[in-house]
Structures are given as structure tokens and as C-alpha cells.
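Before any comments, here is the structure.
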Amino acid sequence: MAHIDRAFRSNIKLRHLQLLVALDEFRHLGRTAEFLSVSQPAVSKVLAEVEKMLGLTLFTRSTRGTEPTPAGESLVRFARAVLAQYDVTRDEIEAVASGAAGRVRVGSMGATLPVLLAQAVARLKAQSPRATVLVEEGDLTHLLPRLRLSELDVIVGRLEPAYAAPDLVTEALYEEPMVAIVAAGHALAGKARPGWADVACQPLVLPPPWASLRVKIEQALHRHGQTLPADIMESSSYLAVTTFVAQRQAVGFVARAVGRQLQAEGRFHVLAMPVEVDLPPVGLITLRDRRLPPAVSDLAACLREAARDIERAGAAAPRPRTRKTTRET
């Protein structure tokens, strides 16, 4: 495999890597050519050039488009990581030259986006107004591959044990229970002591079936003698949860700090019932072998400060009274 080593060290260029990533995205020579603003023969020529360098077939062509071979998939992963690191380095150099504070790419779960991350970004902007923060929302199944490809610098969310891996560094910030929310004018908003029997009679907005929180909510319903209603929506998006709760008069589940903020804004109401589910702490996830740029370290420090404020506010908040019985009728 000496020729492959020579190709990587001397012959592979950024334009080759950009072409491979674009081909993987569009799976079509014509659409790739359009995206790169070149002709289709030029795309075919560059792909053939890379395949000749490596002595490997990277994409198979057919009337339906192009598909990466196993070797192609490996090279595309490499290309994405290199291009992502190129973007990071370029942004760092531009930030130094312009006097700005750099750029941070954050993956955020719904439990942290509207309160923890928002407060941390406000702190970062107060000390570095020209810092840029790119935020991508999702769950860990979506965000972790982006982190491993260096397309994200840090993930902020719940530290699910099932996703722990040797290449990841996790830092717990605080414990954050869940609460149930409804729209401000919902019938349950006026009930002094709503319970799981009341919730089970409403449309529900739940995490996707593969999410551990979904399983735990279903288990809580079962412990109280209830089953899932027929009318459910599934999403891990903060925007989707709040939209469906507001427009479909559904019950949704959010982190306590998020629920308290939504209630303070007057659009939603936190039900006065405990949501007894065992949840992992909220924290940070980064790659073990990757040095954090200064802007990322600054945001991490702001996240820690905001987390301490949220933890103090949670400790001071009154807690819903738990029913003595575990089964509702």
C-alpha cells in the first residue's frame, strides 16, 4: 500500500477532498458538477484522477447515480474530517488577523438549547462581541458523528451512558429533572394536582422511540397504571415540542429549567406533578485527542458559569408534591 501512502502525502489536494464529499452528498455527477460550478466531464475526470492515484474504485456509477464503495466511504470520512479541520484553522487565523474572538460550532440537545446554551452565549458575547457561535440542534445519534468528523467542536446535552466511548471526553455540569408542560390555556393548566391519568388522556409529544427518555416516560405511565394514548407526536426538537404543545393542545416533556422559562414567558404552563424518570446529568462532550480552540474554551467556561446559576435556581425552586400512591385511577 506504499502508493496509497504516497498519494495521501503528496498528491491528494483539497479540491479532490471537496469533490469526494460533494459526490457523497449528491450521489449524482450532474448535481455535483452544478454544486461545484464545473462541468460534468470535469467531475468525472477529477474522480478518475483520484481513483488512479489510489488504485481503488471509490464510487460506482449507474443510471441511478453514484454510490460510494467501502473504500470510498472510508475516504469520504477522511475528507470530511480534513475539510472540517481546515475550516477551523482558517477561522482561527482570520479571527487573529481581524481581532475577533473566533468561531464555535456547538451541537445542542433540546434540554440545553433555550436556557443553558442561550445564557452561555450571552455571557460569551458580553466578553467577546465578535465571537461567532454556530448552533445545530439534534439528539446524540445525529450530533456525535458530526463531532467525530470535526464538524462540531462541542456537544451540550444529556450525557447518555449508552453513548460513552474511549474517544470522547464528558464533563457533567448539573442534574436536570423533567417536567410536563401544556399550553397556558389548556384545561390541565387550571388543575391543582394533575397526574399521569390526566396526562394519558391527552395528545402527547414524546421523544423518538430509540431515545432512552421515551422508554422512561412509557415506564412511568405503566407504573401509574396508564398506557400511551393513540394520539402521539415524536420529536427530539425543542421547536417541534413547543409547536405541537401549543397548537395541538398536547402535553410535552422538557427539562425543568426550560419549562420554568416557558412558563415565565406566559405561553406555557408547567404541570404541578412530578415526572419520576431517572435521567443522566447535563454536560459537555468533546473529542479526546482534539485541542479546543480558544473560543471553544471560552464558551465552555461560560457554560460552566451558566450551569451553576441554573443549579442554584433549581435548588431554590419549590418541588411538586409526590402522591402517596403509585397507581392512579
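The values are calculated or read from the model by the stated rules, or taken from the named source; none is laboratory data. In this text the structure is predicted, and so the values were computed from the model without any measurement. For the accessible areas, the whole protein counts, side chains as well, though only heavy atoms, and no ligand, DNA or RNA atoms are used. Shrake-Rupley method; radii C 1.70, N 1.55, O 1.52, S 1.80 Å.
Each residue of the stretch 225-236 was assigned a 3J(HN,Hα) from its phi angle through the Karplus expression (A = 6.51, B = -1.76, C = 1.60, θ = phi - 60°), giving x, 10, 10, 5, x, 6, 8, 10, 10, 10, 6, 9 Hz with x at Gly and Pro.
For the stretch 144-240, what is the accessible area per residue in Å², given a 1.4 Å probe and the full set of protein chains?
Heavy-atom accessible area per residue stands at 43 Å².
A straight line joining the Cα centroids of the stretch 1-67 and the stretch 226-294 runs 42 Å. The GNM of the chain, with springs linking C-alpha atoms under 10 angstrom apart, assigns the highest mean-square fluctuation among 53, 233, 273 to 53. Counting only residues at least eight positions apart within a chain, or on another chain, the lysines with an alpha carbon under 21 Å from that of residue 13 are 45, 52.
For the chain, the longest principal axis of the Cα atoms and the long axis of helix 40-54 meet at an angle of about 80 degrees. Taking amide H positions as modeled 1.01 Å from N, with prolines and chain starts lacking one, the residues under 5 Å from residue 136 and 5 or more places away or on another chain are 106, 107, 108. Our coupling estimate for the stretch 74-87, obtained by passing each phi through the Karplus curve with A = 6.51, B = -1.76, C = 1.60 and θ = phi - 60°, is 5, 5, 5, 4, 4, 4, 4, 5, 5, 5, 5, 5, 4, 4 Hz, Gly and Pro reported as x.
Which three semi-axes in whole Å describe the equivalent ellipsoid of the chain, each the square root of 5 times a Cα gyration tensor eigenvalue, listed largest first?
Ellipsoid semi-axes (Å, largest first): 45, 25, 17.
Between the Cα long axis of helix 14-26 and the first principal axis of the chain there is an angle of about 50°, rounded to the nearest 10. Across the stretch 132-146, computed HN-Hα scalar couplings (Karplus, 6.51 cos²θ - 1.76 cosθ + 1.60, θ = phi - 60°) run 10, 10, 9, 10, 10, 8, x, 9, 5, 4, 8, 7, 4, x, 5 Hz from first to last residue, x flagging Gly and Pro. Database remark: amide H of residue 184 closer than 5 angstrom to the amide H of 268, 269 (H placed geometrically; neighbours at sequence offset of 5 or more, or on other chains; Pro and chain starts carry no H). The angle between the Cα long axis of helix 294-316 and the longest principal axis of the Cα atoms of the chain comes to about 10 degrees, rounded to the nearest 10. Taking all Cα pairs closer than 8 Å and separated by 6 or more residues, the relative contact order of the chain comes to 20 percent.
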